[in-house]
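Before any comments, here is the structure.
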Amino acid sequence: MFREAACKGGEQGEKMADSTQTRSTWSGKWMFILAAAASAVGLGNMWRFPYLAAKYGGGMFLLTYVVLVFTFGVSMLILEISLGRRTKLSAIGAFSHFGRKYLPIGILASLVPFIITPYYSIIGGWVTKYAFAYIAEPSAVTGDGYFAGFITSPVSSFVFMAIFMAATFIVVALGVKGGIEKANLVMMPALIVMAIALSVYTLTLPGAIDGLLYYVTPDFSKFSPELLIGALGQMFYSLSLAMGIMITYGSYLEKKEDIVQSSARIAGFDLLVSFLAGLMIVPTSFVALGGGDAVAEKAGPSLMFGTLPQLFDSLGAAGQVVGLVFFLLVLFAALTSAISLVEACTSIVHDATHWTRTKSMVVTMVAIFLGGIFINLGYNHLSFIQPLGEGSSILDLADFLSNSVIMPIVALFTCLLVGWFVKPQQFIEEIKDGSAFKAAGAWTVMIKYIAPVLVAIILVAYVGMQFGLFSV
């Protein structure tokens, strides 16, 4: 199926022309920025950023992260968005547009959303369950074994995964303007308002100011290679790079729009939500748990579904309200990212097969649902499968392959393709259709020389971490 999408020379031009005749477009630049920012804002902002900030010195990590976002991060966003807009195709077609020999990069990039979406929907189901629980049974949420009992359930965990998937599929089925734009227009402002409200509230709690000072005050003695790698990896994954998403969203962007300005705003939105997530979690957790290292030890699901509900419970009656608002916020963040993942998958199938969007959407839905069932079985009937060692799950394997292996490889080859084979000038001309792009020279240096090194560091560091060679 995928090889049919690869064309040569004039054939590619003809198929591009056909695809652009009916291709969706954004209503305007702000709808694009909102959708792309919504894609970038996800679960990684909510549980990974706060624990990394706590682990690596608070303010020093924050400062390093800001610098990386507005240099490396924005440069990669510009690259992927311009690649999509230039070709008017999703990942497979976008790469094969420059020659059949580049098809493997497109296939790898297209695998990423198909691997991530099923397990992301499972985690989205966990969040959905907790949001429901804070309405129906708030006292049970902090009970011993509540989370473990839920995710290992042969029924409940699948039901909430399906609910989360259904909400995502409905939005994508309504199309770019009728579904994605309208959903993001509601969820993103709501997410920001809830995040600000919770941040302000948490700062009124006893001892929170000490945690706040730790979070926002840079201590340059805390800077280390581990901090740099941690910030680099978080930034890379948080901005939805190398997933085919920004290429797909860029393919819906009109020529007149300013890619540089839009990329900076997308990065700014993502940074704002990450900062607010840290502001909600780090100060209170810092005090309650006894420091940054203690917060870091509760990383991932144990922080989100174990430690935080206990902290909310300690707030008394207000804790139920805080817990509900927090998990609604996280649910919105998860949904906005899941929507972009499913849209990328649908666009990939549509461009590769030239089926109708409806047929492509149905095939995508079935594939994601079946993938979700299989991965979710890793917590009950297939729990004996521990692919990455004792205590690991099928979900852990899917996460490792997509995030730590395939995505950095795709990003590396994308930089090499644009920087050394296709040449940056083609993309600079594309970008200049809607922007003055005065930093074209600096961007070229970043894509040709700096970005490949940084991506290689991410690949080596996170693969090495998985196999116990070192820690990040």
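The values are calculated or read from the model by the stated rules, or taken from the named source; none is laboratory data. Remember, it's a predicted structure, so these values are computed and weren't measured experimentally. Using ideal geometry, Cβ is built from the backbone for each residue, glycine included, and neighbour counts are taken over all protein chains shown. In case anyone asks, the SASA skips ligands and DNA or RNA and just uses the protein heavy atoms, side chains included. Shrake-Rupley method; radii C 1.70, N 1.55, O 1.52, S 1.80 Å.
Here are a few things to note about the model shown:
- Within the range 216-246, the set of residues being surrounded by fewer than 23 Cβ atoms within 10 Å (Cβ to Cβ) and in a loop (DSSP other than H, G, I, E, B) comprises THR217, PRO218, ASP219, PHE223, SER224.
- When residues of the range 388-436 are limited to those that are without any contact (Cβ under 8 Å) to a residue 12 or more places away in the chain and assigned to a helix (DSSP H, G or I), the one nearest to GLN261 (Cα to Cα): GLU429
Okay, residues lined up against (1) under 26 Å from LEU401 (Cβ atoms); (2) of a type in the set (S, T, N, Q); (3) open to solvent by 10 Å² or more (accessible area, probe 1.4 Å):
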residue	(1), (2), (3)
GLU80	yes, no, no
THR87	no, yes, no
SER96	yes, yes, no
LYS101	yes, no, yes
PHE114	yes, no, yes
TYR130	no, no, no
PRO138	no, no, yes
TYR146	no, no, yes
ILE163	no, no, yes
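- Residue in the range 413-426 that is open to solvent by less than 20 Å² (accessible area, probe 1.4 Å), of a type in the set (D, E, K, R) and closer than 26 Å to ALA91 by Cα present: no
- Qualifying residue in the range 450-462 (condition: of a type in the set (Val, Ile, Thr), in contact with a Ser or Thr (Cβ under 6 Å, 6 or more places away or on another chain) and assigned to a helix (DSSP H, G or I)): no
- For beta carbons closer than 6 Å, sequence separation of 6+ or different chains, a first residue in the range 214-225 that is closer than 16 Å to ALA54 by Cβ and a second that is open to solvent by 60 Å² or more (accessible area, probe 1.4 Å) and not aromatic (Phe, Trp, Tyr), the qualifying pairs are PRO218/LEU63.
- If the condition is being open to solvent by 30 Å² or more (accessible area, probe 1.4 Å) and touching a residue at least 12 places away in the same chain (Cβ under 8 Å), then the range 203-212 contributes LEU203, LEU205, PRO206, GLY207, ILE209, ASP210, LEU212.
- Residues of the range 409-432 that turn out to be at pLDDT 95 or above and among the polar types (S, T, N, Q), as a count: 1
- Single condition VAL200 does not satisfy, out of (1) open to solvent by 60 Å² or more (accessible area, probe 1.4 Å); (2) under 30 Å from ALA334 (Cβ atoms); (3) modelled with pLDDT under 90: (3)
- ILE105 touching a Phe, Trp or Tyr at 6+ places or on another chain (Cβ under 6 Å) and open to solvent by 10 Å² or more (accessible area, probe 1.4 Å): yes
- All helices (runs of 4 or more DSSP H) inside the range 44-115 with 1 or more residues being within 19 Å of PRO225 (Cα to Cα), touching a residue at least 60 places away in the same chain (Cβ under 8 Å) and hydrophobic (A, V, I, L, M, F, W, C): 49-55, 59-68
- In the set ALA183, ALA131, ALA166, ALA162, only one residue is touching a residue at least 40 places away in the same chain (Cβ under 8 Å) and under 19 Å from ALA344 (Cβ atoms); that residue is ALA183.
- For PHE160, the stated conditions hold: it is modelled with pLDDT of 95 or more, in contact with a Lys or Arg (Cβ under 7 Å, 6 or more places away or on another chain) and within 24 Å of ILE116 (Cβ to Cβ).
- Lone unmet requirement of (1) buried (at least 17 other Cβ atoms within 10 Å of the Cβ); (2) within 22 Å of the chain's Cα centre (by Cα) for LEU185: (1)
- Yes/no for ALA264 being outside any helix (DSSP H, G or I) and either out of contact with any Gly (no Cβ under 9 Å at 6 or more places or on another chain) or open to solvent by 70 Å² or more (accessible area, probe 1.4 Å) (or both): no
- Cβ pairs under 8 Å, 6+ apart, first in the range 437-462 and open to solvent by less than 50 Å² (accessible area, probe 1.4 Å), second charged (D, E, K, R): ALA440/LYS432
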